[in-house]
Amino acid sequence: MENIESTNTNEGSVSNVLIDLKEAQTAQIMGIISLVLVFCTCCYGGLIGAILGYLAMKKGKEAIAEYEANPGMYTEKSFNQAKTGKTTGLIGVIVGILALLYIVFSLVFGFASAISDMGRGAF
């Protein structure tokens, strides 16, 4: 889905055609979905959110590098989408990893507590 902006001169010819970055919108969508999965799902949401966040960061970084190589060719809107995708992807990775650590620690300490209770005759 390419968005093309153009500036017309007085003669009616197109002088500057700007296009969207290819992966900018994809990075933004993946970053937002990673955040939604981390906060709205349990168990494997943290893992899937962290993976999607990483992919969003990667695509955002590629789009930003493409923009910086030739800034006059791409729209500012798509550059902002790439930055948003990279940022939300980073947040998705961090929160996803924290969610996974919480699940692991809960399981480990839950099992440890159950095992220690078995020795005291709690069952």
Checklist line | Student exercise, the range 57-123 dipole from Lys, Arg, Asp, Glu Cβ charges, in Debye to nearest 20 | finding: 40
Notebook entry, point to check: So what's the net charge close to Gly85: Lys and Arg +1, Asp and Glu -1, counting the other residues with Cβ under 14 Å from its Cβ?
Noted result: +3
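All of the numbers you see were taken from the coordinates with simple rules; none came from a lab. This one's a predicted model, so the numbers in the text were calculated from it and none came from an experiment. Heads up, the Cβs are rebuilt from the backbone with ideal geometry, glycines too, and the neighbour counts pull from every protein chain shown.
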